[in-house]
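Have a look at this one.
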Amino acid sequence: MSDVSDLYQEVILDHNKQPRNKRDVEPHSHEADGYNPLCGDKVTIQVRVQDGVIDDVAFKGDGCAISTASASIMTESLRGLTLEQARDFFHRFHHLVTTDDVQPDSDMGKVAVLAGVRDYPMRVKCATLAWHTLEAALEGQEEISTE
Amino acid sequence: MSDVSDLYQEVILDHNKQPRNKRDVEPHSHEADGYNPLCGDKVTIQVRVQDGVIDDVAFKGDGCAISTASASIMTESLRGLTLEQARDFFHRFHHLVTTDDVQPDSDMGKVAVLAGVRDYPMRVKCATLAWHTLEAALEGQEEISTE
Amino acid sequence: MSAVSPFQETTDKPLDAEALKRDFPILQQPMSGKPLAFLDSAASAQTPERVIEAEARVYREYYANIHRGVYKLSQQATQAYEGVRAKVRDLINAPDEREIVYVRGTTEAINLVAHSFVRPRLQAGDEILITEMEHHSNIVPWQVLAEETGAHLVVVPIDDNGEIDPADFSARISERTKFASVVHVSNVLGTINPVEDLTRRAHERGVPILVDGAQAVPHRPVDVQAIGCDFYCFSAHKVYGPSGIGALWGRYELLADMPPYQSGGDMIRYVTLAKTEYAKPPQRFEAGTPNIAGVIAMGEGIDYLREVGPAAVARHEQALLAYANERLSQIEGLRIIGNAENKAGVISFVIDGAHPHDMGTIMDQEGVAIRAGHHCAQPVMDHFGLAATARASFGLYNTEADVDALVRGIDKVKELFG
Amino acid sequence: MSAVSPFQETTDKPLDAEALKRDFPILQQPMSGKPLAFLDSAASAQTPERVIEAEARVYREYYANIHRGVYKLSQQATQAYEGVRAKVRDLINAPDEREIVYVRGTTEAINLVAHSFVRPRLQAGDEILITEMEHHSNIVPWQVLAEETGAHLVVVPIDDNGEIDPADFSARISERTKFASVVHVSNVLGTINPVEDLTRRAHERGVPILVDGAQAVPHRPVDVQAIGCDFYCFSAHKVYGPSGIGALWGRYELLADMPPYQSGGDMIRYVTLAKTEYAKPPQRFEAGTPNIAGVIAMGEGIDYLREVGPAAVARHEQALLAYANERLSQIEGLRIIGNAENKAGVISFVIDGAHPHDMGTIMDQEGVAIRAGHHCAQPVMDHFGLAATARASFGLYNTEADVDALVRGIDKVKELFG
Ligand SMILES: Cc1ncc(COP(=O)(O)O)c(C=O)c1O
Ligand SMILES: Cc1ncc(COP(=O)(O)O)c(C=O)c1O
């Protein structure tokens, strides 16, 4: 088992302390609430999609460092992507945080710091909550939970 | 553990094959049905009590050799006893079939052959079904079960 | 915890029961000074050492309450516990592991379906269809439900061989039939019901059906998708696993629509004092701390059975049944109850002049463990006008020597009661 | 199976937790390369080797299905299984062993009482009284019942120390209150409720009461006759026993009047297809093959606890609590949730800037197992405006060294999140 500081890297601690894009998106085209019943973490994701491209995305909610940092980094990573690209990004992210020995793709940027969570299976849901919620928002579901 | 022929003594096999007093008591003053839900054995006991003395007692029903012989021997043993004496007899019988190393009292007669059942705890209820039912009949309960 | 078994049952090699018997410590003990011939696996099978060890290992190495712990012990216990769903899924060829609900056993599974699936669909005058050969656990829950709701129990009778007529099953389905529940293999008669056919007949009329697999899963390959039924269940203690655990399989879309059964921790999504949201299946049906070590040990029992191979077990038990039939049919005054054409390794019998209870006691002294009684199936007893039968039933560890011991025991009974 | 313990708790000698710890194989393992400080016994206690062995011995030496077998294995298993009722009776000083019903755990016990005792007595508009500090298993069953029947849940609030006011409890009892159900010891706040007093208050108004003893039985002497309540329940997995089993105690005259809960084999007296008669308590409430080995191992866990002595355990855990309070109160930014005057060995806490989940993961790396989350008591979380807390809880094997490890873990958390 890796050292805990592999999980709680500087970037994560920083995004936890000073989350980016923790605000409303006004006006927004999509919105969903996410909930992790195991730990009580809650997140709301709002997105504005224009011409098939993510124009703005932000989050609100309370959660642990992993879920807060993951949401914060996600909002930074997805701006300007097409829906198709965003979905693809999510799937590669999901693969990265659940599969041993997978290397992050070069275009994944800061998101790569979350790879350490795969050594902590109980925490994977913390890392993916915001992403699942985003997917739900884009698909028009109102609420998602990571049971 | 004793040999099985200590349990299935001649007397028991004989009473099983040719049960005594397997009939109605007409008229009777008391009656009760007994049932052992674990093995399906059923017994009906009818008694005629006159002036506080058991004038006649008989049984009907289906059961294993132990319960049939026990009922048969019981009907033979109780005739002429006062209710008090019958109850006392039952308690001594119960003690005999449930307690190691107890010797039968000299007045217990054939009933003593049932002592072997104490080495077979699952069969004690077979041996006592008729007696419990008799007690219920005398106390005016209608049905008794040896769960 | 052991990995999912890599075993694929591709050969038709007979199993070596003598060798398998050595996997079971209890079967090495003498009984009444004689080798133990354990012929009561239909009541509960014995447990191989590796299952006993698997359960002990949980407590020695990675026990903790599951689901909500972030520390490693809890994580490991949770993974092992959840991992058994895939084992159950594979054992009965269910489509999806989320369809596997852990229950105490077959009885609880049926109660769960009665409460959460059938009850909300039932109105006064509706009907529930069962057969005359059901175990009490597939009778009483429906009686209770019928009494509560004003519904009726409709019963498909058995014939004197112990079989039901599928056409008669169809004929008893009415407009008001809301559910059918039938046993796969009878625990008294050994009858193997044509559950694929019965399911088709029920579905033709839009009637959902549960199959009670308590006596099937330990003894033959089971494929719920081939059967086509809606619910299927079994108990681990008959599948070389521990007592107190079992599984219910149900179609996901049905489970997803069902209200919870028991309620408490772990089956909820969110609780306020005003309102509660429920979790998805299977968690919705698993309130409270479950039998964690029992589930994991059930998985080990399943691995064991799959490694031996359910088809090999079926062939082995069929051969034993044929041998036992041959030997018992030569005994004067002995009558076998249940002569279905398609029959599993369960033989009920009676002997003139000897009550089954006495037979049980006498056989025990000969080292032969059989069951005597109504086998929790009084309606079958009533059909044959009996209060009780003696019953010998086989597991993968039984041998012809066990049948020989049974016959010697019967001789002893006849000596005393002949 | 071991005989009923001859132990009488007559001394006030402190227990030797360091020595007791050696009875638990899992506590000998390092965790993340450090000695394991297991501080999650409120979720589930660890299991001593003798309990693990007792369960294994059942399967190795005398396993068989119970009640209906006439052969010796079944007889022996039945006696061992039934014998545990007296152990439970003695542990909680119940009057009669026939009042002890085996259940999966506390959750099932409460569901059983809700279904079989309260439900038949409940009309639309009636009220059920609970407190704000209940575990979900003592909330959701009542919500479900209320929804089904049109009854209402009335909740006695807690104050910011985590206590309820007995006078307020009384004030919330109305003409329509049909049942009260309260926790003996809170699993989040540690609050020990004055259950004798609450019972007296409920009974004054003719309201029957259940006490949820899940967090009490493992940690202090319990006397249901002194409490005076009508039902009491606990889970074996918190009492150094196996998972998947527990006990409900109820007054015999109440149990005798209650309809069954689950139905199937063993809870009936006679079954025909037309009608079924039920067995007497406790069998009436134990349908199907139970967790036989689990019951027997629960008995061994009870023996273990009684030999150590519940009063000695209570004193030991009080001392640990005092020590932990002292050490934690010196940590800046740490807030303890739950400051009842009468408090058991459970400490919930939060730390500024650090989420409990992250604390749990970091502590785990330090070999410290604590729980983080809502602890199945979301209403308590809501009261304090929290989504989660970290919780350390004690068992008889915990030492001051475990508390020291906890403090070191918290230091590590503050290092990262400070
Ligand atoms: C106070 C309390 N009540 C009830 C329960 C539920 O017990 P179980 O999960 O064993 O059914 C718990 C266990 O966490 C508890 O702490
Ligand atoms: C056909 C059948 N159904 C149901 C059951 C009940 O199973 P359990 O007692 O494990 O709940 C049995 C067990 O005897 C059985 O043989």
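Sort the following peptides by mean Cβ neighbour count (other Cβ atoms within 10 Å, averaged over residues), highest first: D:400-412, C:61-73, C:207-219.
Per-residue mean Cβ counts within 10 Å order the peptides as C:207-219, C:61-73, D:400-412.
With a ≥ b ≥ c the root eigenvalues of the C-alpha gyration tensor of the protein assembly as shown, is it rounded (a/c under 1.5), prolate (a/b larger than b/c) or oblate?
Since a/c reaches 1.5 and a/b is larger than b/c, the shape of the protein assembly as shown is classed as prolate.
Tell me the mean residue ellipticity at 222 nm calculated for the protein assembly as shown from its helices only (DSSP H runs of n ≥ 4, each -39500 (n - 2.57), averaged over every residue, nearest 500).
Per the formula, -11000 deg cm²/dmol.
Could you go through the range C:328-336 in sequence order and give the Karplus-derived ³J(HN,Hα) for each residue, using 6.51 cos²θ - 1.76 cosθ + 1.60 with θ = phi - 60°, rounded to whole Hz, and x for Gly and Pro?
Listing the rounded values in order: 5, 5, 8, 8, 5, x, 9, 10, 8 Hz.
Suppose every K and R has +1 on its Cβ and every D and E has -1 on its Cβ; what is the size of the dipole of the protein assembly as shown about the Cα centre, in Debye to the nearest 20?
320 debye
Also, I was wondering about something else. Averaged across A:80-92, how many Cβ atoms of other chains sit within 10 Å of each residue's Cβ atom?
0
For a footprinting-style exposure proxy, rank C:GLU55, C:GLU204 by other Cβ within 10 Å, fewest first.
C:GLU204, C:GLU55
Amide H neighbours of C:SER44 under 5 Å, at least 5 residues apart or on other chains, H built in the peptide plane: list them.
D:ASN65
Could you state the orientation-averaged shadow area of the convex hull built on the Cα atoms of chain B, in nm² to one decimal?
7.9 nm²
Using a Förster radius of 51 Å, what is the FRET efficiency between B:ASP55 and D:ALA274 based on their Cβ-Cβ separation? Nearest 0.05, please.
Once the sixth-power term is evaluated, E becomes 0.85.
Kindly write out, for the range D:400-405 in residue order, the coupling ³J(HN,Hα) from the Karplus curve 6.51 cos²θ - 1.76 cosθ + 1.60 (θ = phi - 60°), rounded to whole Hz, with x marking Gly and Pro.
4, 4, 5, 5, 4, 5
Contact order normalised by length for the range D:247-302, with contacts defined as Cα pairs under 8 Å and 6 or more residues apart; what percent is it?
31 percent
In debye, nearest 20, what is the charge dipole magnitude of the range D:52-306 about its Cα centre with +1 on Lys and Arg Cβ and -1 on Asp and Glu Cβ, if you could check?
1020 debye
Sort A:CYS126, C:CYS229 by Cβ crowding within 10 Å, fewest neighbours at the top.
C:CYS229, A:CYS126
Okay, moving on. Which whole-angstrom value gives the distance between the alpha carbon centres of the range C:367-418 and the range B:94-120?
Taking the Cα centre of the range B:94-120 as reference, the centre of the range C:367-418 is 29 Å away.
In whole angstrom, how far apart do the alpha carbon centroids of the range C:126-157 and the range C:20-41 sit?
With the range C:126-157 and the range C:20-41 each reduced to a Cα centre, they are spaced 38 Å.
If amide hydrogens are placed 1.01 Å from N in the peptide plane, which non-local residues have theirs closer than 5 Å to the one on B:SER29?
Excluding prolines and chain starts, which carry no amide H, the hits are B:VAL47, B:ARG48, B:VAL49.
Looking only at other chains, what is the average number of their beta-carbon atoms within 10 angstrom of each beta-carbon in D:242-249?
6
Note down the nm distance, to one decimal, between modelled labels 7 Å out along Cα→Cβ at C:ARG408 and at D:GLU204.
Placing both labels 7 Å along Cα→Cβ, they lie 7.3 nm apart.
What residues have an amide H closer than 5 Å to that of D:ASP266, excluding those fewer than 5 places away on the same chain, when H is modeled at 1.01 Å from N in the peptide plane?
D:GLY288
Which whole number gives the average count of other chain Cβ atoms within 10 Å of the Cβ atoms across peptide B:32-41?
6
Identify, among A:HIS132, A:HIS94, A:ASN16, the residue whose Cα sits farthest towards the positive end of the charge dipole of chain A, taking +1 on the Cβ of Lys and Arg and -1 on the Cβ of Asp and Glu, with the dipole about the Cα centre.
My answer, from the dipole projection, is A:ASN16.
Whole-Hz Karplus ³J(HN,Hα) for the range C:218-232, in order, using 6.51 cos²θ - 1.76 cosθ + 1.60 and θ = phi - 60°, x for Gly and Pro?
x, 10, 6, x, 10, 9, 5, 6, 5, 5, x, 6, 9, 9, 8
Between D:GLU326 and B:ASP24, how high is the FRET efficiency from 1/(1 + (r/R0)^6) when r is the Cβ-Cβ distance and R₀ = 51 Å? Nearest 0.05.
Calculated transfer efficiency: 0.05.
What's the magnitude of the charge dipole for the range D:176-334 around its Cα centre, counting Lys and Arg as +1 and Asp and Glu as -1 at the beta-carbon? Answer in Debye, nearest 20.
Charge dipole, the range D:176-334, about its Cα centre: 440 debye, nearest 20.
Placing +1 on the Cβ of each Lys and Arg and -1 on the Cβ of each Asp and Glu in the range C:52-306, which of C:PRO282, C:VAL113, C:ALA94 has its Cα farthest towards the positive end of the resulting dipole?
Positive-most Cα among the choices belongs to C:PRO282.
Here's another thing I want to ask about it. Which residue fluctuates most in the GNM of chain C (Cα springs below 10 Å): C:ARG391, C:ARG60, C:ARG201?
Greatest mean-square fluctuation among the candidates belongs to C:ARG60.
According to a simple spin-label model (label point 7 Å from Cα along Cα-to-Cβ), what is the distance in nm between A:GLU10 and C:GLU341?
With each label placed 7 Å out from Cα toward Cβ, I get 8.0 nm.
With a 10 Å Cβ neighbour count serving as the proxy for reagent exposure, in which order, fewest first, do A:SER77, C:SER44, A:SER70 appear?
Ordered by Cβ neighbours within 10 Å, fewest first: A:SER77, C:SER44, A:SER70.
Please work out the C-alpha center-to-center distance from the range D:68-89 to the range C:243-303 and express it in whole Å.
29 Å
As I understand it, the value is the acute angle between the Cα axis of helix A:83-98 and the longest principal axis of the Cα atoms of chain A; what does it come to in degrees, rounded to 10?
Here the helix axis deviates by roughly 20 degrees.
Read the figures in this text as sums done on the coordinates, not as results from a lab. Keep in mind the model is a prediction, meaning the values are calculated, not measured. Every residue, glycine among them, receives a Cβ derived from its backbone with ideal geometry; neighbour counts consider all protein chains shown.
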